[in-house]
C-alpha cells in the first residue's frame with residue numbers, strides 16, 4: 001500500500017462525486033504543503049454569535065481581573081473553556097447611542113456606526129461590518145467568503161413606536177453601508193451549499209441520493225493512501241457528516257400525524273423543512289459553522305440566535321412562561337428576572353456546545369477552537385434599560401495563539417467596542433489601522 005508523502009497533499013484537496021464535492025478536514029499529510037505555502041499551521045477562523053434582547057446584567061460580570069478571575073453565573077457553562085476565554089468588561093458601542101431601543105444596536109453591532117432612521121428600503125448602516133472587512137480582504141481564500149446564518153426569517157414592516165423599518169433588526173453583517181447580507185435559516189440549504197461550494201454549476205445535476213454517497217468512492221480511494229492517524233481522522237469525519245445528514249433528514253421530514261394545508265397559507269410555508277425544535281435548529285446551525293470551519297469552506301461566519309425584538313417563546317425551558325422580548329422588559333419583577341436568567345443561560349449553554357465541538361477537533365498540535373475566535377455577545381446590556389454601555393461580550397479561542405485568552409480584562413468606562421474588533425482583525429491576519437470609532441487595539445487582548 002502506498003502511503004502519501006507529507007508533501008504531496010494540498011490543503012485544497014476535495015472529495016468529489018457526481019455534481020458534488022466535499023472539503024476535507026485538516027490532515028497530517030497537509031502540514032508540509034502548508035509550510036511550503038508560507039503559512040503557519042491551520043488557518044484562523046472567526047465567528048460572531050449574536051443574542052437579541054440583552055441579559056441579566058447582575059449575573060454577567062466575572063469576579064477578579066486578569067488571569068485571576070472567576071466566571072459569573074451566566075458564564076459558568078463555559079467553565080471547561082476558562083483558559084480559552086477573553087472576557088472584556090466596559091466596552092460600549094458609541095454609534096448605537098440613540099433613543100431607539102433595539103434596531104440601532106443590532107444593525108450597528110458589528111459596524112460600530114449609527115444607522116440611518118428610515119421606514120422603507122433605503123437602508124444605510126454608514127459602515128461595513130467587522131466580519132466583512134475580514135471577508136473582503138481574505139474571503140478569496142475559501143470557496144465561500146463568509147457564511148451568514150440565522151434562526152428567524154427577515155422581519156419586515158415598520159416599528160411605528162420608534163420609526164425604523166424592522167429589516168434593520170434582522171442584520172448584523174454589512175458588505176457595504178447600504179447592503180446587509182442575506183442570512184440562511186434552513187440548515188439543509190446550508191448543507192447543500194457547502195457540498196457544492198466548489199462546483200461552478202449548481203444546477204448541473206439533480207441529486208436523488210444523499211450527497212455523502214456521491215463522494216464515498218473518492219473517499220475510499222484517498223483513505224488507502226493515508227497514514228493510520230489520517231485514516232482514523234477521515235473515518236471520524238465522514239461518520240460525523242453522515243450523522244449530520246440523518247439529523248437533517250429527520251428535521252425536514254414531514255410528520256405523518258401533522259395536518260398539512262392543501263395550498264400554502266402564508267409565505268413562511270416556503271420554509272418547509274425547518275426543525276420543529278428550537279434547540280435542534282440552533283445546534284444544527286452551529287454544527288454547520290463548525291463543519292464549514294473544519295473543512296475550510298469558509299473562515300468567517302455570523303449567526304443570529306434571533307432578530308431584534310424577537311419574542312421567541314421559550315416555554316420549552318422549565319420555569320419560563322412566555323416570549324423572550326416580553327420577558328426582557330422585566331421591570332425588575334422577580335418572576336420575570338428569573339425567566340430572563342433561564343433564557344440567558346440557555347443561550348450561553350448553546351455557545352458552550354459549539355465550543356465543545358470545536359475543542360474536540362484536532363488540527364495538528366492545536367484544536368479547531370485554538371485556531372479560531374468565536375465571539376458571543378449582544379448589542380445592548382439589559383433589555384429593560386436598552387443600555388449600550390458595558391456590553392456583554394466574550395471571545396473564545398486564541399486565533400492560533402494571537403489572542404491572549406484565559407483572562408478577564410476590566411477597561412475604563414466606555415472603551416470602544418471597535419478596539420476589540422481592531423484586535424480581532426489583526427489576529428485574523430487582516431489588520432486595519434482604524435475601525436469606526438476605535439482608538440487602537442484593545443489593550444492586553446493580543447498575545
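Laid out as a table, the results:
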item	result
Complete set of residues in region 176-186 that are farther than 14 Å from residue 126 by Cβ and either touching a helix residue (DSSP H, G or I) at 6+ places or on another chain (Cβ under 8 Å) or modelled with pLDDT of 95 or more (or both)	181, 183, 184, 185, 186
Candidates 437, 390, filtered to the one that is in contact (Cβ under 8 Å) with a residue 60 or more places away in the chain, surrounded by fewer than 21 Cβ atoms within 10 Å (Cβ to Cβ), at positive phi and more than 15 Å from the chain's Cα centre (by Cα)	390
Test: residue in region 128-136 that is in contact with a helix residue (DSSP H, G or I) (Cβ under 8 Å, 6 or more places away or on another chain) and either modelled with pLDDT under 90 or in a loop (DSSP other than H, G, I, E, B) (or both)	yes
The one condition in (1) assigned to a loop (DSSP other than H, G, I, E, B); (2) surrounded by fewer than 22 Cβ atoms within 10 Å (Cβ to Cβ) that residue 353 fails to fulfil	(1)
Top-ranked residue in region 84-114 [being within 17 Å of residue 160 (Cα to Cα) and part of a loop (DSSP other than H, G, I, E, B); ranked as modelled with the lowest pLDDT]	99
Tally of residues being in contact with a strand residue (DSSP E or B) (Cβ under 7 Å, 6 or more places away or on another chain), part of a helix (DSSP H, G or I) and farther than 21 Å from residue 52 by Cα across region 140-191	1
Filter result for residue 444 (on the phi > 0 side of the Ramachandran plot and surrounded by 22 or more Cβ atoms within 10 Å (Cβ to Cβ))	no
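The values are calculated or read from the model by the stated rules, or taken from the named source; none is laboratory data. Every value quoted in this text rests on a predicted model; they were computed, and no experiment measured them. Here Cβ is always computed from backbone atoms with ideal geometry, including for glycine, and neighbour counts include all displayed protein chains.
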